[in-house]
Amino acid sequence: MTASAAVFPPEEHDARVGAVRAAMEEHGLAGLLLASPEDLYYLVGLNHQGYFAVTLLVLPLEGPPLLVARAMEGPTVRVQAPRCVHVAYEDDEDPAEATIAAVRQAGLDASVLGADGSTMSLPPAVWARIQSGLANVRWTDGGGLVARMRIVKSPREVAHVRRAAAISDRALQAGLAAAGEGVTERDVAAAMLYRKGLAPVV
């Protein structure tokens, strides 16, 4: 993905971050620690295949978000999330240590921080090491804060949802038109993909 291929412009992400920060302030949080891929994509636009490895976002009330991710994700972070500070860790290093460093870099190591403990993207062992390494942080439940923001769609999001629905509708109609006796599933799939503007299945 190139910078120009981003789904939403920077101002869309700025508005989302601003709304989340307002909610953080309302809840008395100096920062948020997020690991859900949905939350990270929503806030900073990171949309990659590397979420199988620990990827965390440290969002302070002020200043740039800090993205804890593998060092090899550097080019992806620069293109997809250029407003984030990439706090990198090598594959033989502990992502918990990188997260602790990010929290300290943001000046949040003696603050009230929210964290989402419900996500499956934060391994319990890593979470335990983060907590033990930040003894002066008072952790509170931040789960659902960003998810609640995602429920209300912006005009740009609504436009994308409508476009996606129209594409799906055209594809389904093409599949129904192609279906019939002696027609294989591959033929139906090819018709649907072709109608969506993708290459036909061969």
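The values are calculated or read from the model by the stated rules, or taken from the named source; none is laboratory data. Owing to the predicted nature of the structure, the values given are computational and were not obtained by experimental measurement. Cβ coordinates were reconstructed from backbone atoms using ideal geometry, including for glycine residues, and neighbour counts include every protein chain displayed. Side chains are part of the model used for accessible areas, which takes the heavy atoms of the whole protein and leaves out ligands, DNA and RNA. Shrake-Rupley method; radii C 1.70, N 1.55, O 1.52, S 1.80 Å.
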Kindly evaluate Asp116 against the criterion of being exposed (fewer than 13 other Cβ atoms within 10 Å of the Cβ) and among the acidic types (Asp, Glu). no
Tally up the residues in the stretch 67-82 that are open to solvent by 10 Å² or more (accessible area, probe 1.4 Å) and either in contact with a strand residue (DSSP E or B) (Cβ under 7 Å, 6 or more places away or on another chain) or of a type in the set (Phe, Trp, Tyr) (or both), please. 2
Boolean, Asp141 is closer than 25 Å to Val44 by Cβ, modelled with pLDDT under 95 and either hydroxyl-bearing (Ser, Thr, Tyr) or open to solvent by less than 40 Å² (accessible area, probe 1.4 Å) (or both): no
Within the stretch 43-57, tally of residues that are assigned to a loop (DSSP other than H, G, I, E, B) and of a type in the set (Val, Ile, Thr): 2
Considering the stretch 49-66 alone, what residues qualify as being open to solvent by 10 Å² or more (accessible area, probe 1.4 Å) and hydroxyl-bearing (Ser, Thr, Tyr)? Tyr51
When every residue in the stretch 7-42 that is hydrophobic (A, V, I, L, M, F, W, C) and part of a helix (DSSP H, G or I) is compared, the one modelled with the lowest pLDDT is Ala15
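So that you can scan it fast, the table gives a plain yes or no per residue for (1) assigned to a helix (DSSP H, G or I); (2) of a type outside the set (Ser, Thr, Tyr); (3) touching a residue at least 60 places away in the same chain (Cβ under 8 Å):
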{"residue": "Leu59", "(1), (2), (3)": "no, yes, no"}
{"residue": "Gly63", "(1), (2), (3)": "no, yes, no"}
{"residue": "Leu67", "(1), (2), (3)": "no, yes, no"}
{"residue": "Gly74", "(1), (2), (3)": "yes, yes, no"}
{"residue": "Ala96", "(1), (2), (3)": "yes, yes, no"}
{"residue": "Thr99", "(1), (2), (3)": "yes, no, yes"}
Can you pull out every residue in the stretch 32-54 that is among the hydroxyl-bearing types (Ser, Thr, Tyr) and more than 21 Å from Val112 (Cα to Cα)? Tyr41, Tyr42, Tyr51
Look through the stretch 158-179, keep the residues that are in contact (Cβ under 8 Å) with a residue 24 or more places away in the chain and either over 25 Å from Val7 (Cβ atoms) or touching a helix residue (DSSP H, G or I) at 6+ places or on another chain (Cβ under 8 Å) (or both), and return whichever of them is surrounded by the fewest Cβ atoms within 10 Å (Cβ to Cβ). Arg170
